Amino acid sequence: MSRFNVRGTNDDGHVANFVETEQVIYIDNEVTSYVQTRGSVPLFWEQPGVQVGSHKVKISRGFETSAPAFDRHLDMIKKRYGQQIIVNLLGSSLIGSKEGEAMLSQLFQTHHNMSEHKDVPHILFDYHQECRGGNMKNLSKLKAKVEKYLESFSLFYAVGNTVILEQTGTIRTNCLDCLDRTNCVQTFFALEMLAKQMGLLKLMEKQQMVSRFEEVFRQMWINNGNEVSKIYAGTGAIQGSSKLMDGARSAARTIQNNLLDSNKQEAIDILLLGSTLNTELADRARLLLPSNMLHAAPNLLREMCKRYNEYVNTMNLRVSIGTYNVNGGRHFRSVVYKDVSLADWLFDGPNRSSCKYLPSKNTEL
């Protein structure tokens, strides 16, 4: 599977690597479950070029053009899952290889602060800084920040056909690729909720039972993290338990992302775009050439774009721009054009057959 060259969101608000994970326990006629989600930062961003131990991030759209997709994403997950809390695990340091992370995290916070979704808490937790050297004890700091929301959102519990508790919201966790750090933090939350699930099912009385549940449950989350990582990155998750295995997986990811994914990405581009063009040549070629020519070799396309004058006929067009309510002040019509009707601007086209676009006046209201 090709790791996506472009991360983040699309115009509909759907983000890369969005995963819903539900943990369910059935005992006789009792059932209890808890849902968490993960997903990429809902902005337009990508990681271009060769990525070897770095976190280069390129923002591919400006603030104003990203805002609608950001809002659509949060609207969507609110509608689907209820109340939300964002747990942002991106690094905050502006020094070194994490600079891209810090920039992306800052943009995420800025969009959130300027959106209509201020009812959604945004909790920052620099995972690499806080849990440096595998120090998982510092996750207690994160627990202190989210505990009241865990209590408020509750979980699902039913006996037979009677629903006793309902989950009213979810935690949305993200890091850069929503894999390794996210796996660790989601496992932490999952274990917290497992204790509550076992308490509802009256399974906390025997320590041996609790230990066995936790052991099996941890392994299930490791398997879950591995499968999500294989789908998205092509290797298992980096867990921190074995430096040799994590090093091998990091090397495999680097080789696969930078050297082996290009053919898969070309297939995706052909299916979605009709061609594999994704360079500066792409937009120009699509403007000048018919779609059946877009599969030609790049050198040929570049030459055809250079020599477009030999086969493209040009036509002169008049363009007129009208503005509405700009500098109008208290006057309904501009003082300059107060005696001019809009009809004069809109309807003189039939009188000028030699032009394609024919409005003759710039009328400002």
- Note on the structure: Listed by first then second residue, the pairs whose first member lies in segment 293-304 and is in the same structural domain as Ala282 (by TED's automatic domain parsing), whose partner is assigned to a helix (DSSP H, G or I) and among the charged types (D, E, K, R), with beta carbons under 7 Å and at least 6 positions apart or on separate chains, are Leu294/Arg286
- Task: Looking only at segment 112-139, count how many residues are exposed (fewer than 11 other Cβ atoms within 10 Å of the Cβ) and assigned to a helix (DSSP H, G or I).
- Result: 5
- Is there any pair linking a residue in segment 61-82 that is in contact (Cβ under 8 Å) with a residue 12 or more places away in the chain and within 13 Å of Val15 (Cα to Cα) to one that is assigned to a helix (DSSP H, G or I) and among the basic types (Lys, Arg), with Cβ under 9 Å and at least six apart or on different chains, and which? none
- Note on the structure: Reported set for segment 73-115 where residues are modelled with pLDDT of 95 or more and charged (D, E, K, R) is Asp75, Lys78, Lys79, Arg80
- Message: Return the residues of segment 22-35 that are within 27 Å of the chain's Cα centre (by Cα) and buried (at least 19 other Cβ atoms within 10 Å of the Cβ); say none if nothing qualifies.
- Response: Gln23, Tyr34, Val35
- Query: In this structure, does Tyr308 turn out to be of a type in the set (Phe, Trp, Tyr) and modelled with pLDDT of 80 or more?
  - Reply: yes
- What about Thr187, is it in contact (Cβ under 8 Å) with a residue 40 or more places away in the chain and either not in a helix (DSSP H, G or I) or not aliphatic (A, V, I, L, M) (or both)? no
- Message: Going through Glu147, Glu101, Glu130 one at a time, which residue ends up being among the charged types (D, E, K, R), closer than 19 Å to Lys56 by Cα and out of contact with any Phe, Trp or Tyr (no Cβ under 6 Å at 6 or more places or on another chain)?
- Response: Glu101
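The values are calculated or read from the model by the stated rules, or taken from the named source; none is laboratory data. In this text, all values refer to a predicted model and were calculated from it rather than measured experimentally. In this analysis, Cβ positions are derived from the backbone assuming ideal geometry, glycine residues included, and neighbour counts consider all displayed protein chains.
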